[in-house]
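Q: Below you will find the structure I want to go over with you.
The values are calculated or read from the model by the stated rules, or taken from the named source; none is laboratory data. Values in this document were obtained by computation on a predicted structure and should not be read as measured data. Note that we place each Cβ from the backbone using ideal geometry, even for glycine, and neighbour counts take in every protein chain shown.
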Amino acid sequence: MKPKIGITCGVKQNGRNDFAYLSYNNINVIKEAGGIPIILPLLKEECDSYLDIIDGLLFSGGNDVNPMYFNEDPVNGIGETNILRDEFEIEIFKKAVVKDIPILGVCRGMQVINIAAGGTIYQDIKTQFKTNMCHKQTGTPQYNYFHNVQIEEDSKLYNIYKSNNIYTNTFHHQAVKDLAPGFKSTAKTKDGLIEAIESTNNKYVLAVQWHPEMMYCVHKEHFQIFKDFINECKKN
């Protein structure tokens, strides 16, 4: 049977209504990798029910994380946040790691995983991290290579990409700062910013700062991370 993959979604406001939203990139890549994508509405009280029916969990990209969840006040440069999403994702992550369900995080997904596990993030790279590198590409297709990422050989990520140097896209202004207990950094950019993390306690908790779901149709190596994730979920 195909594994069922729960995917977290965002919230958009339009007048008097709130809408759950998710890019079809996330849905399509899970389907093509061999899973059944299931969008998870942000209902904190249903976390246990969701985890009873899914075989894996994908934390998708999206808006900023409220700094209250890592005991900071907002700084100039922070973007739009949504407490409903933050609370749901933190709660379902904590419950999922207890069940040892395979987890994959993308962009915001990596940041919220690190926060939920007890780490912190840079609220705004431009004001809090000294670098001359650009970490948010503009004026170029989302699937384009943009910067180099260096991967640690002793990692799941290296086993997936079969290389310690890859090129990725990049669309973020927040990033992992203090690594959460029970995690290790497995990739960085040349300026030292963390680009991937994975759990040292659970079987499969992996997160990356770039968007492989935007790249896989053009750059096939970025499909492998989803194939690896789905293969792990099949064991669940």
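Q: Name every residue in the stretch 114-134 that is part of a helix (DSSP H, G or I) and either in contact with a strand residue (DSSP E or B) (Cβ under 9 Å, 6 or more places away or on another chain) or surrounded by fewer than 18 Cβ atoms within 10 Å (Cβ to Cβ) (or both), in order of residue number.
A: Within the stretch 114-134, Asn114, Ile115, Ile125, Lys126, Thr127, Gln128 qualify.
Q: Out of the residues in the stretch 1-34 that are modelled with pLDDT of 95 or more and more than 21 Å from Cys217 (Cα to Cα), state the one that is surrounded by the fewest Cβ atoms within 10 Å (Cβ to Cβ).
A: Start the filter on the stretch 1-34 by keeping residues that are modelled with pLDDT of 95 or more, which leaves 2-10, 22-34.
Remaining after also requiring more than 21 Å from Cys217 (Cα to Cα): 2-4, 6, 8-10.
On the way: Lys2: 14, Pro3: 21, Lys4: 16, Gly6: 24, Thr8: 28, Cys9: 19, Gly10: 19.
This residue is Lys2.
Q: Provide a single number: the residues in the stretch 169-217 that are assigned to a strand (DSSP E or B), buried (at least 21 other Cβ atoms within 10 Å of the Cβ) and touching a Gly at 6+ places or on another chain (Cβ under 9 Å).
A: Total satisfying the criteria: 7.
Q: Let me ask something else about it. Tell me, yes or no, whether the stretch 225-234 has at least one residue that is among the charged types (D, E, K, R), closer than 15 Å to Thr170 by Cβ, in contact (Cβ under 8 Å) with a residue 40 or more places away in the chain and touching a helix residue (DSSP H, G or I) at 6+ places or on another chain (Cβ under 6 Å). Talk me through it step by step, then tell me what you get.
A: Restricting attention to the stretch 225-234, the residues satisfying the condition of being among the charged types (D, E, K, R) are 227-228, 232, 234.
If we keep only those that are closer than 15 Å to Thr170 by Cβ as well, we get none.
Looking for residues that are among the charged types (D, E, K, R), closer than 15 Å to Thr170 by Cβ, in contact (Cβ under 8 Å) with a residue 40 or more places away in the chain and touching a helix residue (DSSP H, G or I) at 6+ places or on another chain (Cβ under 6 Å), one finds none in the stretch 225-234, hence no.
For (1) over 21 Å from Val112 (Cβ atoms); (2) more than 15 Å from the chain's Cα centre (by Cα), each residue gets a yes or a no:
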| site | (1), (2) |
| --- | --- |
| Ala20 | no, yes |
| Ile30 | no, no |
| Gly34 | yes, yes |
| Ile53 | yes, yes |
| Leu57 | no, no |
| Asn63 | no, no |
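Q: Next up: Which of (1) modelled with pLDDT of 95 or more; (2) surrounded by fewer than 19 Cβ atoms within 10 Å (Cβ to Cβ) does Gln137 not meet, given it meets every other one?
A: Among (1) modelled with pLDDT of 95 or more; (2) surrounded by fewer than 19 Cβ atoms within 10 Å (Cβ to Cβ), Gln137 violates only (1).
Q: Considering each of Asp73, Asp55 in turn, give the residue that is acidic (Asp, Glu), surrounded by 14 or more Cβ atoms within 10 Å (Cβ to Cβ) and more than 17 Å from Gly109 (Cα to Cα).
A: Values: Asp73 fails: surrounded by 14 or more Cβ atoms within 10 Å (Cβ to Cβ).
Criteria check complete, one pass: Asp55.
Q: Quick one: which residue in Lys162, Lys190 is more than 15 Å from the chain's Cα centre (by Cα) and more than 17 Å from Gln224 (Cα to Cα)? Break it down into steps so the answer makes sense when it comes.
A: Numbers: Lys162 fails: more than 17 Å from Gln224 (Cα to Cα).
Of Lys162, Lys190, the one residue that is more than 15 Å from the chain's Cα centre (by Cα) and more than 17 Å from Gln224 (Cα to Cα) is Lys190.
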